[in-house]
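Okay, structure first, notes after.
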Amino acid sequence: MNKRSLIGGFIIGFVVAVFLIPLFFKLSAENMLFKRIKSPYSFEKTVKLLANRISHQPGWHIVTIINQEEEIKKYGGPDVGKVAIVKFCNAKLAGKMLSDDDTKFMAVKMPLSIAVYEDSKGQVFISLMNGYLLTRMLSGTKEGKIMELVVRDIESILSFVHFRYTIF
């Protein structure tokens, strides 16, 4: 190889590393970090169905359902329309996660949350963090093994909308 092709290869590699990889991450970050599923049901029915399915999933219980629309209005914010945040927990899995000082940092994501909202067109969506991505990032660790169980249960809870986690 001559010096010119080495310099050209370095410049192309540099441009890809500095510009294209961050651009790709920026364009795909929303799909990687969050999952959004269209619900075939009304807002109210989706919230009730979700809460019912969580309550009937072995080991899981509802902690609270926050009416985010009311909370925002109550403290002076604008009307954002119908938005509910369903907080839920599995005490046994949470206990395993928080029983070790090395994994207590995961408390920041507890209890788990799933949001249900209605957009300006009247479409209802369910949104949640991408647990699959977190499981892959924590692969081989105690918290990764626990997250695999959580991911499996969430997929079961959301099977009424045919949800499966994917990387994108």
Looking at segment 18-30, can you tell me whether even one residue there is over 11 Å from Val116 (Cα atoms), more than 21 Å from the chain's Cα centre (by Cα) and modelled with pLDDT of 95 or more?
no
If you scan segment 67-94, which residues turn out to be open to solvent by 80 Å² or more (accessible area, probe 1.4 Å) and closer than 13 Å to Val150 by Cβ?
Lys92
Filter segment 41-66 down to residues that are surrounded by fewer than 15 Cβ atoms within 10 Å (Cβ to Cβ), in contact (Cβ under 8 Å) with a residue 12 or more places away in the chain and either acidic (Asp, Glu) or farther than 14 Å from Phe88 by Cα (or both), then give me how many there are.
1
Taking segment 95-136 as the region of interest, how many residues are without any contact (Cβ under 8 Å) to a residue 12 or more places away in the chain and closer than 18 Å to Ile157 by Cα?
0
Looking only at segment 95-134, and only at residues there that are closer than 21 Å to Pro58 by Cβ and over 17 Å from the mean Cα position of the chain (by Cα), the one that is least open to solvent (accessible area, probe 1.4 Å):
Met97
Does at least one position in segment 103-112 carry a residue that is in a strand (DSSP E or B) and over 16 Å from Lys35 (Cβ atoms)?
no
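In segment 31-40, which residue that is charged (D, E, K, R) and exposed (fewer than 14 other Cβ atoms within 10 Å of the Cβ) is modelled with the highest pLDDT?
This residue is Lys38.
To keep it simple, each residue is scored yes or no on (1) over 16 Å from Phe34 (Cα atoms); (2) part of a strand (DSSP E or B); (3) touching a His at 6+ places or on another chain (Cβ under 7 Å); (4) at pLDDT below 85.
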position	(1), (2), (3), (4)
His61	yes, yes, no, no
Glu71	yes, no, no, no
Val80	yes, no, no, no
Cys89	yes, yes, yes, no
Lys96	yes, no, no, no
Val151	no, no, no, no
Phe160	yes, no, no, no
Ile167	no, no, no, yes
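The values are calculated or read from the model by the stated rules, or taken from the named source; none is laboratory data. Owing to the predicted nature of the structure, the values given are computational and were not obtained by experimental measurement. Counting neighbours? That spans all protein chains shown, and the Cβs are built from the backbone with ideal geometry, glycine included. These area figures cover heavy atoms from the full protein model, side chains too; ligands, DNA and RNA do not enter into them. Shrake-Rupley method; radii C 1.70, N 1.55, O 1.52, S 1.80 Å.
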